[in-house]
1. Taking the condition of being farther than 18 Å from B:A177 by Cβ and touching an Asp or Glu at 6+ places or on another chain (Cβ under 9 Å), how many residues in region B:80-92 meet it?
2. Please find, within region B:94-108, the residue that is surrounded by the most Cβ atoms within 10 Å (Cβ to Cβ) out of those that are more than 9 Å from chain A (Cβ to nearest Cβ) and in a helix (DSSP H, G or I).
3. Scan region B:160-179 and give yes if some residue there is in contact (Cβ under 8 Å) with a residue 60 or more places away in the chain, within 14 Å of chain A (Cβ to nearest Cβ), outside any helix (DSSP H, G or I) and among the acidic types (D, E), otherwise no.
4. Testing A:M235 on (1) away from chain B (no Cβ under 14 Å); (2) crowded, with 24+ Cβ neighbours inside 10 Å; (3) in contact with a strand residue (DSSP E or B) (Cβ under 8 Å, 6 or more places away or on another chain), one condition comes back false. Which one is that?
5. Taking B:L72 as the residue in question, decide whether it is over 18 Å from the mean Cα position of the chain (by Cα), more than 8 Å from chain A (Cβ to nearest Cβ) and closer than 25 Å to B:N49 by Cα.
6. Determine, yes or no, whether A:R203 is over 23 Å from B:S96 (Cα atoms), free of Cβ contacts under 8 Å to residues at least 12 places away in the same chain and either in contact with an Asp or Glu (Cβ under 6 Å, 6 or more places away or on another chain) or basic (K, R) (or both).
7. Could you tell me how many of the residues in region A:154-196 are under 25 Å from A:F110 (Cα atoms) and either of a type in the set (F, W, Y) or outside any helix (DSSP H, G or I) (or both)?
8. Pull up region B:57-72, narrow it to residues that are touching a helix residue (DSSP H, G or I) at 6+ places or on another chain (Cβ under 8 Å) and surrounded by fewer than 22 Cβ atoms within 10 Å (Cβ to Cβ), then point me to the one that is nearest to B:D173 (Cα to Cα).
Amino acid sequence: MNRLPIAIFLGFALLPLAAVFGAEKYLLDLFMRVMIFAIAALGLDLLVGFGALVSFGHAAFIGIGAYAVAILASHGINDVLISLPVALLAATAFAYLTGSICLRTRGVYFIMITLAFGQMAYFLASSLAPYGGDDGLTMHARSTLFGLTPFKNERLFYYTVLACLIGCYALCRTLVVSRFGRVFRGARENATRMATLGFDVYRYQLTAYAISGALGGLAGFLLANATDFVSPAYMSWQRSGELIIMIILGGLGTLHGAIVGTLAYSLLGEYLSGLTENWKMIFGPLLVLVVLLARGGLLGLAALVTSGWRKQRTERPT
Amino acid sequence: MTAPVLRLEGLNKNFGGLAVTRNLNFEVAAGELHAVIGPNGAGKTTLINLISGLLPADSGCVVFAGRDVTALPVPERAKLGMARSFQITSILPGFSVLENVALAVQARMGSSFRFVGEAAAERALNEPAMAALDEIGLTTCAHRLAGHLSHGEKRALELTIALAMQPKLLLLDEPMAGVGRDETDQLIDVLSRLKGRFPILLVEHDMTAVFALADRISVLLYGQILTSGTPDAVRADPQVVAAYLGEEME
């Protein structure tokens, strides 16, 4: 299973070479978006897959990161050295503040309250008249670095996004097996037991929530730069729902499942929407099938198939 | 005489109109195994929950290791050295047996706000955990999933977790509940070895276990201590026989 993430990252890295043969702009755009949403999905998988904290307001973090960049740009502040920290800080602070309230609830209440905060951010963005309100805000140029404009180069920006994705994946991998991660995972298993061991699980969950928010903020920063545009739609609850679908589709609690899920969701959506306008009629049942047939999502399905093969192979000689 | 490890003063707890704990005064002395017995509904589990902090007391106070802990939340009390088991086994089923115990070691050793380094590979955590498993006799299960253990093994694991916490007081809520005769004997054996190393408050229905282990027995009835004394004194007390032991001991 450890080869899979490497294969995925290699695939992303080689894509621009393949894209030379045609439709380069389209392919780069598509896969850039996949990687950006995969970063946010990683953050969400950290919460849902490892902490059983189903956050239904995750799009807000992306939106806040994106708006931070665009608003700064509209005031003439374009440099990454300022806009990136601001985007991360804004998303992290929002996650920390809302998380400190959300995490006092459990289960369905947690889902509802994260949704409520997500919608608050959405409506706030819609009413930001000086920054475009409902219409959103166009960025006239990508962020600059030390006054230079390296990200104007589409490929360079693509590889920057890939580097961010790999970095975030490595960060999450390290996090979940660390002392901190073990306490966080333990809280999912049995919060009362963790408390009686002497762990104040709330503090650990809040920290994880803030980290997850930061990943969302990074995704937002990249998204604003990739599309040169931000709009309240980035924060809509449908977006939050899509993120949840992505990680379930790929397989919860595996991290690379989040990337596989994002990839599958985006590519399938892209393909089906080319076939028919009502593509969600096909997509919906497909998703139901995956969840029904393989509880571990696409990764679980793959594991099922490969273990079946192995079984056949070992059974045949006898 | 040294000060008691745990002292409850005038503790009260009502569930709605039902007074489950009524003006309760109680002590666990240093080093003793103090058993609490009583019929169903006498308030035994409530008592343990009040001590460990899972339930807030309506009035009265809990003094632990010379400190008033009545207002402290569960994790704070645990950090002061209060370990407990549950009537319904409470472990981390998705973790390995070793990790269950290593987490208890982690709780008392250093900060858990460490974001790098693989916790499962830390010898500083695994070695004390293995030592505790060895002592209880669970070494062979160390790498199995805790959720896959037999009921008796889960009970033993809960004791191991408590042991690894190196507690100043161990609260055991019916550790023998639902365990077969053979495994009960093993658990009694384990408890008799732990006894004396730290004070233990044992709530138990299994009278064989109670009379084999306890230094002192308190009988709880309708949320109050009916009587308290040595096993022999309690066994002979006509009040206790009438209220609880009845024909079982005759």
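The values are calculated or read from the model by the stated rules, or taken from the named source; none is laboratory data. The structure displayed is predicted, hence computed values, not measured ones. Glycine also receives a Cβ, built like all others from the backbone with ideal geometry; neighbour counts cover every protein chain displayed.
1. Qualifying residue count, region B:80-92: 1.
2. The qualifying residue surrounded by the most Cβ atoms within 10 Å (Cβ to Cβ) is B:V101.
3. There is at least one residue in region B:160-179 that is in contact (Cβ under 8 Å) with a residue 60 or more places away in the chain, within 14 Å of chain A (Cβ to nearest Cβ), outside any helix (DSSP H, G or I) and among the acidic types (D, E).
4. Condition (3) is where A:M235 drops out.
5. Spelling it out, B:L72 is indeed over 18 Å from the mean Cα position of the chain (by Cα), more than 8 Å from chain A (Cβ to nearest Cβ) and closer than 25 Å to B:N49 by Cα.
6. Yes: the conditions hold for A:R203.
7. Looking only at that region, the number is 3.
8. B:A57
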